[in-house]
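**Student:** First the structure, then my questions, so here it is.
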Amino acid sequence: MKCRNCNTQLKHQLIDLGYAPPSNAYLEEEALSKPEITLPLRVAVCENCWLVQTEDYSKADELFDSEYAYFSSTSKSWLNHAKLYCERVRDELDLGGDSFVVEIASNDGYLLKNFVEYGVPCLGIEPTESTAAASEKIGVPVVREFFGKELATRLVEEGRHADLIIGNNVYAHVPDIKDFTNGMKKLLKPNGVITLEFPHLLQLLQQSQFDTIYHEHFSYLSLGVVRRIFEAAGLRVWNVDKINTHGGSLRIYGCHENASFVTTTACEELYRQELDCGLEKLQTYANFQHKANKIKNDLISFLIDQKRLGKKVVAYGAAAKGNTLVNYAGIKSDLISVVYDAAQSKQGRFLPGSHIPIEAPEKLDLSTVDYVIVFPWNIISEIKEYFSSRIGPKTKLVTAVPELKIH
Ligand code: DWN
């Protein structure tokens, strides 16, 4: 395979996670007796432009289908994060009734509902029918399409140039990152701003977050790589914030290359840190598989030990990352009998690959449970809060990444 960004032949592998089904392809009961599609899950590193990327096996329209089960509004901490961002950016960019805000991958309207409330005209772009319908229900307008240069051109022809383009956890999800970036260039007003949030590659490597690797995530991004992709499209990254969502993310601020925004020292400092940590050296990527294997083996040993001791182990949060973890580890319902999840879209269904059943949290009888494996370690504080008034001394919460931890 050639690099999706610079077309260099890819020769270096970060990790091989074997075969896995698409991570958000939760199964209905009748599907359990049918064959299931699994695809190679391998990540390569480009030694020319340093884009870290999954090998090409899956198509975006198969991954983000009409029954997409991830609803952003399920997490209160994520809703709060979105609200704080909206308040800040509205004030800093002085957005009002004459402005136009576009969010790409607007999901169920979790973020844009704030702009609707402020009276700032906005538009969500969201290809998955399940979440787009939920968004419209709360009054957030949506175009049900994938974003790229073609859609941007049509919007501009309708006179809809954006003052602000928001993309939270979508830049890593696009196979054609260059077309997506060219689309943003087209849609942005001359002095408009782009903000993108994405998990930071540095955290993935340093915290061994191998479970965040799945087919939906085509790219694993650093500031250095994003800056270069922006530059090639005639855009410029002028600021960056480190944020703690999804295990450590970046929020980058972009503009047209010649716009008036002054590039902050934070950009240079962070890029320097990436270089110091070796993000542009092949040897940095050499040990990752080994670290992932240790996490996998520690979890399997723990589960087998508990099984032998007659303990009851369940899981909480049917996160996509949980699917990467259990499928790589080959864990089935004999070791984790059930996973509880607050998203109605997942309840009554089964995890892809492992076929562990998903149930509503109300069904969880903690008096019978010894350990709860929390798959979404990224929101452990919120989940601890949920359990704090429910859990007794018998039950312990456990996370597996970056290392097995009993809380
Ligand atoms: O890229 C992506 C990232 C950013 O978010 C997406 N493609 C999908 C998603 O990844 P994930 O599924 O690994 O995300 P989360 O946010 O770690 O998943 C949390 C899961 O836990 C959801 O299924 C909702 C569930 N949950 C719950 O059952 N009770 C969450 C909370 C906060 C709760 O209280």
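**Student:** Of the residues that make up region 198-208, is at least one farther than 24 Å from Val101 by Cβ and part of a loop (DSSP other than H, G, I, E, B)?
**Tutor:** For region 198-208, residues farther than 24 Å from Val101 by Cβ and part of a loop (DSSP other than H, G, I, E, B): present.
**Student:** Another question, then. For region 303-343, how many residues meet the condition of being in contact (Cβ under 8 Å) with a residue 60 or more places away in the chain and among the aromatic types (Phe, Trp, Tyr)?
**Tutor:** 2
**Student:** Which ones in region 195-238 are under 20 Å from Trp78 (Cα atoms) and either among the polar types (S, T, N, Q) or away from the ligand (no atom under 16 Å from the Cβ) (or both)?
**Tutor:** Thr195, Gln203, Gln209, Thr212
**Student:** For region 109-126, give me the residue count where each residue is surrounded by fewer than 21 Cβ atoms within 10 Å (Cβ to Cβ) and either in contact with a Pro (Cβ under 6 Å, 6 or more places away or on another chain) or within 9 Å of Val142 (Cα to Cα) (or both).
**Tutor:** Within region 109-126, residues that are surrounded by fewer than 21 Cβ atoms within 10 Å (Cβ to Cβ) and either in contact with a Pro (Cβ under 6 Å, 6 or more places away or on another chain) or within 9 Å of Val142 (Cα to Cα) (or both) number 1.
**Student:** Any residue at all in region 211-232 that is in a loop (DSSP other than H, G, I, E, B), more than 28 Å from Asn293 (Cβ to Cβ) and at pLDDT 95 or above?
**Tutor:** no
**Student:** How many residues does region 40-78 contain that are hydrophobic (A, V, I, L, M, F, W, C) and within 16 Å of the ligand (Cβ to nearest atom)?
**Tutor:** Final tally of qualifying residues: 9.
**Student:** Given the structure, is Gly119 free of Cβ contacts under 8 Å to residues at least 24 places away in the same chain and within 26 Å of Leu223 (Cα to Cα)? Talk me through it step by step, then tell me what you get.
**Tutor:** Details: free of Cβ contacts under 8 Å to residues at least 24 places away in the same chain: yes; within 26 Å of Leu223 (Cα to Cα): no.
Considered against the rule, which asks whether it is free of Cβ contacts under 8 Å to residues at least 24 places away in the same chain and within 26 Å of Leu223 (Cα to Cα), Gly119 comes out as no.
**Student:** Got a sec? Which of Leu39, Leu79 is farther than 26 Å from Gly167 by Cα and surrounded by fewer than 21 Cβ atoms within 10 Å (Cβ to Cβ)?
**Tutor:** On the way: Leu79 fails: farther than 26 Å from Gly167 by Cα.
Checking each option against the conditions leaves just Leu39.
**Student:** Next question. Are there any pairs, at least 6 apart or on different chains, whose C-beta atoms fall under 7 Å, with the first in region 127-152 and over 16 Å from Ala343 (Cβ atoms) and in contact (Cβ under 8 Å) with a residue 12 or more places away in the chain and the second of a type in the set (Val, Ile, Thr) and assigned to a loop (DSSP other than H, G, I, E, B), and if so, which?
**Tutor:** Nothing qualifies.
**Student:** If you scan region 82-106, which residues turn out to be surrounded by 19 or more Cβ atoms within 10 Å (Cβ to Cβ) and either within 16 Å of the ligand (Cβ to nearest atom) or among the polar types (S, T, N, Q) (or both)?
**Tutor:** Result: Ala82, Tyr85, Ser99, Glu103, Ile104, Ala105, Ser106.
**Student:** Look at Glu29 and say whether it is more than 20 Å from His290 (Cα to Cα), touching a residue at least 40 places away in the same chain (Cβ under 8 Å) and away from the ligand (no atom under 16 Å from the Cβ).
**Tutor:** Taking the combined requirement at face value, the residue satisfies it.
The values are calculated or read from the model by the stated rules, or taken from the named source; none is laboratory data. The shown structure was predicted, so the numbers you read here are calculated from the model rather than taken from an experiment. For neighbour counting, all protein chains shown are included, and Cβ atoms are generated from backbone atoms with ideal geometry for every residue, glycine included.
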